[in-house]
Amino acid sequence: MGETISLEQRRQKSGQMNEKEQAIREDLAAVHRLAHRFGWDDNIYNHFSCALPGGEEFLVKAHGLLMSEVTASNLIVVDQQGRTVRGEGTVERSALHIHAAIHLGRPDAFCILHVHPPYSTWLSSMQDNRLKMTNQNTIRFFDRIVYDEAYEGLAVAREEGQRMCQALGEKRIMIHVNHGVTVAGPTVEEAFFDLYYLELVCKEYFLVISSGGKARVIPDEICLRTVSQMEEEYLEGAQLTLAAWKRDLDREEADFRN
């Protein structure tokens with residue numbers, strides 16, 4: 001016989017779920033604001049999402065909003081068909097097909113950030129679009145990036161989102177040729193941390209290439225050793241990083257929490 005749950009227990013459970021979702025909304029809104037601050041955004045386009053329990057629905061920006069306008073409360077909840085379950089507004093078509101497919105195909109991808117930042121997009125546009133290990137920061141991405149070599153236009157069909165999900169495989173970071181990047185993480189903190197450093201190292205690599213000098217590439221064996229050292233502090237670094245940037249937002253644009 002099943003356990004009987006009292007009305008008060010149901011209310012407490014609902015309240016806990018609401019508190020958890022509010023925290024996720026605030027983190028996701030913060031990342032939108034930071035993307036605008038760092039110049040990663042593209043007018044009203046590009047899209048970030050977080051899966052909700054069950055995997056069939058996710059939080060995403062309503063189409064038409066700038067990233068600088070996103071708040072915790074104006075993020076909408078949509079289902080796999082793109083129907084708005086909660087909130088006002090609709091999801092952009094490519095946002096639906098990319099994020100719905102990856103959230104469904106990769107249940108571990110709690111947070112998905114798809115964006116066209118300047119330096120990562122520059123690398124995606126190069127004939128040789130592989131990130132070379134030329135400094136300590138680049139080693140963060142040693143053997144962690146998958147390169148999607150098939151640009152086939154806008155992702156306005158579910159099949160294209162499914163193709164992207166298949167191309168991502170078990171990795172968390174994907175550079176799309178002639179397009180941009182997708183970062184998937186088990187937490188908002190980890191996805192943001194990876195995107196932050198990916199754009200930074202692409203900028204640093206751009207400066208190396210633009211200098212006209214010959215790049216000095218770090219040997220694989222040193223990269224392997226350094227990666228293991230970095231992994232020891234990866235999660236803490238990700239958590240502390242987003243917390244620090246949220247404090248900065250609290251000082252200057254605290255309405256992201258509204």
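None of the figures in this text is laboratory data; all of them are computed from the coordinates on show. Because the structure is a prediction, the values reported are computed rather than measured. Neighbour counts run over all protein chains shown; Cβ positions are idealised from the backbone, glycine included.
Which condition does GLY153 not pass, out of (1) outside any helix (DSSP H, G or I); (2) closer than 18 Å to PHE193 by Cα, if it passes all the others?
(2) is the only condition that GLY153 fails.
Can you pull out every residue in region 54-69 that is touching a residue at least 12 places away in the same chain (Cβ under 8 Å) and surrounded by fewer than 23 Cβ atoms within 10 Å (Cβ to Cβ)? Before you say what the answer is, go through the steps one by one.
Residues of region 54-69 that are touching a residue at least 12 places away in the same chain (Cβ under 8 Å), as a first pass: 55-68.
GLY55, GLU56, GLU57, ALA62, HIS63, GLY64, LEU65, LEU66, SER68, listed by residue number.
Tell me which of these LEU207 doesn't satisfy, since it passes every other one: (1) under 22 Å from LEU28 (Cβ atoms); (2) of a type in the set (A, V, I, L, M); (3) surrounded by fewer than 22 Cβ atoms within 10 Å (Cβ to Cβ).
(1)
A quick yes/no check of all residues on (1) among the aliphatic types (A, V, I, L, M); (2) surrounded by fewer than 17 Cβ atoms within 10 Å (Cβ to Cβ); (3) without any contact (Cβ under 8 Å) to a residue 60 or more places away in the chain; (4) touching a Cys at 6+ places or on another chain (Cβ under 7 Å):
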site: ASN137; (1), (2), (3), (4): no, yes, no, no
site: VAL201; (1), (2), (3), (4): yes, no, no, no
site: ARG216; (1), (2), (3), (4): no, yes, no, no
site: PRO219; (1), (2), (3), (4): no, yes, yes, no
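Which residue, of ALA100, ALA72, ALA109, is touching a residue at least 40 places away in the same chain (Cβ under 8 Å), in contact with a helix residue (DSSP H, G or I) (Cβ under 9 Å, 6 or more places away or on another chain) and within 21 Å of ASN258 (Cβ to Cβ)?
Details: ALA100 fails: within 21 Å of ASN258 (Cβ to Cβ); ALA109 fails: within 21 Å of ASN258 (Cβ to Cβ).
None of the other options fit; the residue is ALA72.
Restricting to region 173-193, give me the number of residues that are within 19 Å of ASP143 (Cα to Cα) and touching a residue at least 40 places away in the same chain (Cβ under 8 Å). Reasoning before the result, please.
Start the filter on region 173-193 by keeping residues that are within 19 Å of ASP143 (Cα to Cα), which leaves 173-177, 180-186, 190-193.
Those left that are additionally touching a residue at least 40 places away in the same chain (Cβ under 8 Å): 175-177, 180-186, 190-193.
Result for region 173-193: 14.
I need a count of the residues in region 82-120 that are charged (D, E, K, R), buried (at least 18 other Cβ atoms within 10 Å of the Cβ) and under 17 Å from PRO186 (Cβ atoms). Give the steps one after another, and end with the answer.
So the first thing to find is which residues in region 82-120 are charged (D, E, K, R), and the list is 83, 86, 88, 92-93, 106, 108.
The next check asks that each one be buried (at least 18 other Cβ atoms within 10 Å of the Cβ); those that pass are 92, 106.
Now narrow it down to the ones that are under 17 Å from PRO186 (Cβ atoms): 106.
The total comes to 1.
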